[in-house]
Amino acid sequence: MTALRAEHVTYTYPGATAPALRDVDLTIAPGEFVVLAGASGSGKSTLLRAACGLVPHFHGGEFAGRLEVGGLDTHDHGPAALAAVAGTLFQDPETQVVMGTVRGELGFPLENLGLAPAAVARGVEEAALALGIAPLLDRPTHELSGGELQRVALGAALAGRPRIALLDEPTSQLDPVAGDELLGVLRRLNEEWGTAVVLAEHRLERCLGAADRVIAMRDGAVACDAPPAAFLEWAGEHAPALQTPGARLFSLAGLRPLPVSVKDARRALPAPVEASAQPAAADSLGAPALVFKGAWFEHRGGAAVLRGIDLGVRAGERVALMGRNGAGKSTLLKVAAGLLAPTRGKVKRAGRVALVLQHPGDYALHERVGDELPSEALAAAGLDGLADRHPRDLSGGERQRLAIAIVLHGERPAVLCLDEPTRGMDRAHKDALSAHLRALAAQGTAVVVATHDAEFAAALAPRTVLLGDGRPVADAPTAEVLAGGWYFATQTARILGGAALLPEEGAALLRRATRTEEVVA
């Protein structure tokens, strides 16, 4: 029995003029670890929705072809029946959590399978330990951070040991440590339990090392189906935006073969690389736009999320806010925007503070994308072809771009705060977002971005604030914070020992080091 088999699957969302899936043929064997790659809107999320039965049973639309998951035909079995063989996690885990406590959420799917109380209790403990959420078991789910909620939803999806795990951007809200731990859990499920894993991901550098195979989607069709190394060669020629930073580093430096992992890259480095001594140019900044003075935020039970924050951001400044899940990043942004009031201390604002939270679907108020914004604003966000779609039918990256466009429409804010804005975004749209934010900053808007994406932080922000336990533990130029770390570091920095943050910079150093080596030889 195959874990998943698709035969000529074509699907069109209601009201859409073009199919989201086009004649998809693929087979996934039990125990395979498959990464789904592709640009935003390429069909990755729709394929996963079809595999778990939401397409077409929930979304409606026109479905043709045959799709079997764990031996069940999705034409005859809806999401409830398919949940017995397929564990699913989507980009918006907050919509999947239904119970009031973490313990209840992890136990709910096991109870639905009819397991005895002792087996339910054991399954809850195992899932909690595997995902590092045992300290959260008795916490209310509405108090969890986005990353904590993501791990809880994943635990609920995997607790019943499904035959296949369907995961849509499962690391998008996780800090680097939690992301690595999650991939370790998935590898163990895959290798020891024989669970097939289908993982849709934009940050391919996180997961290619675990994959047996990469399936790249383009315009709803399968464009490439190959092992990771062969996929990277294909991407270099046909889809450069899908290359990992390490592969891009080697491509720009003219080196082969392209590395799948940091270990592969470091082993293949032709010569030692030293950092350039050129200092980074300082931005020309304006007056203070946002100032925290001794700001605390405590829950009613007394737990402190922010602890005596002293922090200032100037007009035109671009700041990355980083830190582990639960460190206080989202709370800091909510306090900055006035959604939460500090329980102690003060926050001063020079004008309107616009905020885009982690749940972009909350910003869409209409049943049609075209009713959210004027056509020119949709075109600027790269959404002009989706005006007739329902916002819930957009991919995660498309919903993010829509939410950002809604918040920025109208008068330019004094401060723009973004919470995990690259969640579900491909590299091309990340680059476009970074350019847009730099343009806003050049006009005087202060930009503060909470992110786990070190690559995006390095490309956007000259300054990085690292939070730990509700207070800044580092506040320095991004090159200092992200250069030498194990977890809070770009892939290029890990390959080159901190000599550069981005592939373009690293490739220049590699070429120089190679020339020096040749001269010495």
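The values are calculated or read from the model by the stated rules, or taken from the named source; none is laboratory data. Please read all numbers here as calculations on a predicted model, not as lab measurements. Positions of Cβ are generated from backbone atoms using ideal geometry, with glycine treated the same way; all protein chains shown enter the neighbour counts. The area values use the complete protein model at the heavy-atom level, side chains included, leaving out ligands, DNA and RNA. Shrake-Rupley method; radii C 1.70, N 1.55, O 1.52, S 1.80 Å.
Scanning segment 180-209 for residues that are closer than 19 Å to Pro162 by Cα, in contact with a Leu (Cβ under 8 Å, 6 or more places away or on another chain) and assigned to a helix (DSSP H, G or I) yields a count of 4. Of all the residues in segment 224-246, those that are within 28 Å of Ala20 (Cβ to Cβ), small (Gly, Ala, Ser) and either touching a His at 6+ places or on another chain (Cβ under 7 Å) or open to solvent by less than 30 Å² (accessible area, probe 1.4 Å) (or both) number 3.
This table checks each residue for (1) over 30 Å from Gly123 (Cβ atoms); (2) over 26 Å from the mean Cα position of the chain (by Cα); (3) not hydroxyl-bearing (Ser, Thr, Tyr).
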position	(1), (2), (3)
Tyr11	yes, no, no
Leu21	yes, no, yes
Ala29	no, yes, yes
Leu82	no, no, yes
Phe90	no, no, yes
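All but one of (1) out of contact with any strand residue (DSSP E or B) (no Cβ under 8 Å at 6 or more places or on another chain); (2) open to solvent by less than 10 Å² (accessible area, probe 1.4 Å) hold for Leu199; which doesn't? Of the numbered conditions (1) out of contact with any strand residue (DSSP E or B) (no Cβ under 8 Å at 6 or more places or on another chain); (2) open to solvent by less than 10 Å² (accessible area, probe 1.4 Å), the odd one out for Leu199 is (1).
Every listed requirement among (1) within 22 Å of Pro19 (Cβ to Cβ); (2) touching a helix residue (DSSP H, G or I) at 6+ places or on another chain (Cβ under 7 Å) is met by His409 save one, (1). Applying the set (1) closer than 20 Å to Glu94 by Cβ; (2) at pLDDT 95 or above; (3) open to solvent by 50 Å² or more (accessible area, probe 1.4 Å) to Lys348 leaves exactly one unmet item: (1).
In the set (1) in contact with a helix residue (DSSP H, G or I) (Cβ under 8 Å, 6 or more places away or on another chain); (2) modelled with pLDDT of 90 or more; (3) on the phi > 0 side of the Ramachandran plot, Gly382 fails one condition alone, (2). Report, by residue number, each residue of segment 247-263 that is crowded, with 17+ Cβ neighbours inside 10 Å, out of contact with any helix residue (DSSP H, G or I) (no Cβ under 6 Å at 6 or more places or on another chain) and in a helix (DSSP H, G or I). Phe250 - this is the single residue of segment 247-263 that is crowded, with 17+ Cβ neighbours inside 10 Å, out of contact with any helix residue (DSSP H, G or I) (no Cβ under 6 Å at 6 or more places or on another chain) and in a helix (DSSP H, G or I). When Leu340 is tested against the conditions (1) open to solvent by 40 Å² or more (accessible area, probe 1.4 Å); (2) within 23 Å of Arg49 (Cβ to Cβ); (3) in a loop (DSSP other than H, G, I, E, B), the lone failure is (2). If Met1 passes every condition in (1) out of contact with any Leu (no Cβ under 8 Å at 6 or more places or on another chain); (2) touching a residue at least 60 places away in the same chain (Cβ under 8 Å); (3) surrounded by 16 or more Cβ atoms within 10 Å (Cβ to Cβ); (4) under 17 Å from Leu72 (Cα atoms) but one, which one does it miss? In the conditions (1) out of contact with any Leu (no Cβ under 8 Å at 6 or more places or on another chain); (2) touching a residue at least 60 places away in the same chain (Cβ under 8 Å); (3) surrounded by 16 or more Cβ atoms within 10 Å (Cβ to Cβ); (4) under 17 Å from Leu72 (Cα atoms), Met1 misses (3) alone. Checked against (1) open to solvent by 40 Å² or more (accessible area, probe 1.4 Å); (2) not in a loop (DSSP other than H, G, I, E, B), Leu47 meets all criteria but (1). Listed by first and then second residue, the pairs with beta-carbon distance under 8 Å, at least 6 apart or on different chains, first residue in segment 91-109 and closer than 18 Å to Leu174 by Cβ, second crowded, with 17+ Cβ neighbours inside 10 Å and of a type in the set (Asp, Glu), are Gln91/Asp168; Gln91/Glu169; Val97/Glu105. Could we say that Ala379 is assigned to a helix (DSSP H, G or I) and touching a residue at least 12 places away in the same chain (Cβ under 8 Å) here? No: the conditions fail for Ala379. Every condition in (1) surrounded by fewer than 20 Cβ atoms within 10 Å (Cβ to Cβ); (2) in contact (Cβ under 8 Å) with a residue 24 or more places away in the chain holds for Leu149 except the one numbered (1).
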